[in-house]
1. Let me spell it out: the conditions are (1) in a loop (DSSP other than H, G, I, E, B); (2) closer than 19 Å to L33 by Cα, and T69 meets all of them except one. Which number is the exception?
2. Within region 109-131, restricting attention to residues that are open to solvent by 30 Å² or more (accessible area, probe 1.4 Å) and outside any loop (DSSP other than H, G, I, E, B), which residue is modelled with the lowest pLDDT?
3. Kindly provide the set of residues from region 88-108 that are open to solvent by less than 60 Å² (accessible area, probe 1.4 Å), out of contact with any Gly (no Cβ under 8 Å at 6 or more places or on another chain) and not in a strand (DSSP E or B), ordered by number.
4. Condition first: farther than 15 Å from D100 by Cα, over 14 Å from the mean Cα position of the chain (by Cα) and either modelled with pLDDT under 90 or among the basic types (K, R) (or both). Now tell me which residues in region 19-63 satisfy that.
Amino acid sequence: AQPQTKPAKKEASSISGKVTIKDKGAPGIAVILSPADFRGQSTARYKGISDQDGKYKIVNVAPGNYQVTTVAPAFVNSGGLRGKTLIIAEGETIAGIDFDLIRGGVITGKVVDAEGLPLIEEQISLWSAEANAKSPRNYVGLSRHIQTDDRGVYRIFGIPPGKYKVALGNQDAPSGGPRESRYKQTFSPGVTD
């Protein structure tokens, strides 16, 4: 009988860093590591929470391409990007993946029809006003659905610095809202383009 050899144990990887707000460690901020490309990879997500000094560590990470982001809805990364992309090799220890957060901007308003009645539970979308030749209208995907309340009022928070257009309706907008709008996509202050 041949002696059986055990397969080599794969070494787990880890990442660590610090989350700060106004140059001070931010405790209790979730840091999420998600696959950057779902093709051929597992959909496993990893999570770490910043400690009292703002430090976090995520361990036992499988090799792969990942997007690392913070979960702090009212805050955005001071660099403007939502997260960072990492390629993690087997057994790799990556340190210094830091996040400096600032309070995001807020856009709020009220939507009414031609008779002045509030439009209730209508989906609101946010578009970049900083158009370029490749993509003249960039949808700004947020991690939550924004819709008007029973008064026709909406509030979008945690917005990175920049110029934006606010729209109601679903023409050209990604689907997936709670329900389809019966209104043609209209941008504030009441134009369709």
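1. It fails just one condition, (1).
2. Residues of region 109-131 open to solvent by 30 Å² or more (accessible area, probe 1.4 Å): 110, 112-118, 120-121, 123, 129-131.
So of that shortlist, the ones also outside any loop (DSSP other than H, G, I, E, B) come out as 110, 112, 118, 123.
Numbers: K110: 92, V112: 90, P118: 93, Q123: 87.
Residue satisfying both the conditions and the ranking: Q123.
3. Once the filter is applied, which keeps residues that are open to solvent by less than 60 Å² (accessible area, probe 1.4 Å), out of contact with any Gly (no Cβ under 8 Å at 6 or more places or on another chain) and not in a strand (DSSP E or B), region 88-108 yields A89, G91.
4. Hits for region 19-63 are D37, F38, R39, G40, Q41, S42, T43, A44, R45, K47, K57.
The values are calculated or read from the model by the stated rules, or taken from the named source; none is laboratory data. Remember, it's a predicted structure, so these values are computed and weren't measured experimentally. Cβ atoms come from the backbone with ideal geometry, glycine included; neighbour counts cover every protein chain shown. These accessible areas exclude ligands, DNA and RNA; they are computed on the full protein's heavy atoms, side chains included. Shrake-Rupley method; radii C 1.70, N 1.55, O 1.52, S 1.80 Å.
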